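Just below is one structure, and these are the notes that go with it.
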Amino acid sequence: MGMKNTARDYGTIAKWLHWGTALLFLAAYVSVYYRQWFTDAQTAQNWTALQLHLSFGISIAVIVTLRVIWRWLNTAPTAEPGTPIEHLAAHLGHYALYAVMIIAPLTGYIGTGVDTEFFFLFDIPKFESTAVFTALVEHGMGLSFAEFEQPIDFIHKEILGAWLIWMLILGHATAALYHHFVKRDRTLLKMTHGGER
């Protein structure tokens, strides 16, 4: 298996980026739900869970940036046979996933009121502390952080986090399983171990 994509399969780098993104999203969800369901506010456990969630979010932003760059540098494998509607749905689904993978960490970062202790190794300043916030939000829009945070938080938590990301992940996984078990083509194999079908 090569590092780069071929007409038949995704390469090793694309696979690592794909599955790494999936694991990071899972870890981000586990940490935030652990914080909400199993910790009390203003406790060390609550803070640790929050910082892990923020660290996973920053990691997602980095991995997704690498994914976009790698996607530009590589052609995707040839699509499996299907109807025009199936191909359109696949393209729209992938565009929606990429949009969410970019918007979720971005809104998470700019809507967070604390610094990120990146896996407790070093600090990343909160957006409110940056010159970009001062120039664009305070001076450009005339908003305080509290005013700016409210709609950003709503997008991140209530729209993306609560249901849209779950729907897209479920749709993506369902489509992969449909291709594997119903259509019996190589769609899922291209992003796993390869192999014949």
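Might you check whether a residue that is buried (at least 16 other Cβ atoms within 10 Å of the Cβ), under 21 Å from the mean Cα position of the chain (by Cα) and of a type in the set (S, T, N, Q) occurs anywhere in the stretch 165-186? Checked the stretch 165-186: no residue is buried (at least 16 other Cβ atoms within 10 Å of the Cβ), under 21 Å from the mean Cα position of the chain (by Cα) and of a type in the set (S, T, N, Q).
On inspection, V132 passes the criterion of being loosely packed, with under 13 Cβ neighbours inside 10 Å and outside any loop (DSSP other than H, G, I, E, B). Checking each residue in the stretch 1-17 for being surrounded by fewer than 15 Cβ atoms within 10 Å (Cβ to Cβ) and either in contact (Cβ under 8 Å) with a residue 24 or more places away in the chain or polar (S, T, N, Q) (or both) picks out M1, K4, A7, R8, T12. Looking across T112, T75, one residue alone is surrounded by fewer than 15 Cβ atoms within 10 Å (Cβ to Cβ) and either more than 30 Å from H179 (Cα to Cα) or of a type in the set (V, I, T) (or both). It is T75. When each of E149, E138 is tested for being of a type in the set (D, E), surrounded by 11 or more Cβ atoms within 10 Å (Cβ to Cβ) and in contact (Cβ under 8 Å) with a residue 24 or more places away in the chain, the lone residue that passes is E149.
The condition (being at pLDDT 95 or above, in contact with a Leu (Cβ under 7 Å, 6 or more places away or on another chain) and in a helix (DSSP H, G or I)) is satisfied by just one residue among I60, I69: I60.
Each row is one residue, and each column tells you yes or no for (1) modelled with pLDDT under 95; (2) among the polar types (S, T, N, Q); (3) more than 21 Å from the chain's Cα centre (by Cα).
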position: P81; (1), (2), (3): yes, no, yes
position: G93; (1), (2), (3): yes, no, no
position: L106; (1), (2), (3): no, no, no
position: F127; (1), (2), (3): no, no, no
position: T134; (1), (2), (3): no, yes, yes
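The values are calculated or read from the model by the stated rules, or taken from the named source; none is laboratory data. Bear in mind the structure is a predicted one, so any value in this text is a computation, not a measurement. Because the Cβ atoms are built from the backbone with ideal geometry, glycine has one as well, and the counts that use them run over all protein chains shown.
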